[in-house]
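Written out below as structure tokens is the structure these notes cover.
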Amino acid sequence: MSEPGKPPRASLWATLVATFLGVGRLRPGPGTWGSAATVILWWLVGHKIALVWQPWVAILLASIAVLVGIPAATRVARASGLKDPQFVVIDEVAGQLVTLIASPITWQSLLLGFILFRAFDIVKPPPIPRLETFPGGAGIVIDDVGAGIYGLAIMQMALHFGLLSP
């Protein structure tokens, strides 16, 4: 129970999801740590999945990160009193996975996907800033999905034009 006038503490499940099992507490640059952890986990998991299923698994995992991440981010942001707490990194997980959809699991594509997502997440080209205006966790998570879509588009162009070996 919280004290009168103070927002309630976020539940354990919301905190674990929002911080991606505590990765969001790493410094400096918790968002970068969240993206890096996602890339490493995708590299480990992706090698165990048949090539034909990899894009579908990435879509499924990104969808789960969004669907579970929005309520978790809402609860943690509300409890912290911050609109978009830096330690909430489930949005980076979702966006990074979107960027890596249908990309080969090679060190070159994972590195490019990491760089592309982080660049678009930091620069926030239009209409990403408008996505941040959604209320609560939706604004926290959906803008990173937008950055992930930009990263996905550039990644697929690089693959299509042979700038990255498959």
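Here is a yes/no grid of residues against (1) modelled with pLDDT of 95 or more; (2) under 17 Å from Ala37 (Cα atoms); (3) of a type in the set (A, V, I, L, M, F, W, C); (4) surrounded by fewer than 21 Cβ atoms within 10 Å (Cβ to Cβ):
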| position | (1), (2), (3), (4) |
| --- | --- |
| Ile64 | yes, yes, yes, yes |
| Thr74 | yes, no, no, no |
| Ile90 | yes, yes, yes, no |
| Gly95 | yes, yes, no, no |
| Ile122 | yes, no, yes, yes |
| Pro126 | yes, no, no, yes |
| Gly139 | yes, no, no, yes |
| Ala147 | yes, no, yes, no |
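Per-residue answers, yes or no, for (1) in contact with a Pro (Cβ under 8 Å, 6 or more places away or on another chain); (2) touching a residue at least 40 places away in the same chain (Cβ under 8 Å); (3) of a type in the set (Gly, Ala, Ser); (4) farther than 19 Å from Gly146 by Cβ:
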{"position": "Ala10", "(1), (2), (3), (4)": "no, yes, yes, yes"}
{"position": "Thr38", "(1), (2), (3), (4)": "no, yes, no, no"}
{"position": "Gln54", "(1), (2), (3), (4)": "no, yes, no, yes"}
{"position": "Val68", "(1), (2), (3), (4)": "no, yes, no, no"}
{"position": "Ala73", "(1), (2), (3), (4)": "no, yes, yes, no"}
{"position": "Asp91", "(1), (2), (3), (4)": "no, yes, no, no"}
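Under 14 Å from Leu152 (Cα atoms) and either assigned to a helix (DSSP H, G or I) or more than 17 Å from the chain's Cα centre (by Cα) (or both) - does that describe any residue in the range 74-87?
The answer is no, given that none of the residues of the range 74-87 is under 14 Å from Leu152 (Cα atoms) and either assigned to a helix (DSSP H, G or I) or more than 17 Å from the chain's Cα centre (by Cα) (or both).
Tell me which residues, restricted to the range 133-166, are assigned to a helix (DSSP H, G or I) and of a type in the set (Val, Ile, Thr).
Across the range 133-166, the qualifying residues are Ile140, Val141, Ile142, Val145, Ile149, Ile154.
Among the candidates Thr106, Thr15, single out the residue that is touching a residue at least 12 places away in the same chain (Cβ under 8 Å), touching a helix residue (DSSP H, G or I) at 6+ places or on another chain (Cβ under 7 Å) and either surrounded by fewer than 18 Cβ atoms within 10 Å (Cβ to Cβ) or of a type in the set (Val, Ile, Thr) (or both).
Criteria check complete, one pass: Thr15.
The values are calculated or read from the model by the stated rules, or taken from the named source; none is laboratory data. Here the structure is a predicted model, which means the values were calculated and not measured. With ideal geometry, Cβ positions are generated from the backbone for all residues, glycine too; neighbour counts draw on all protein chains shown.
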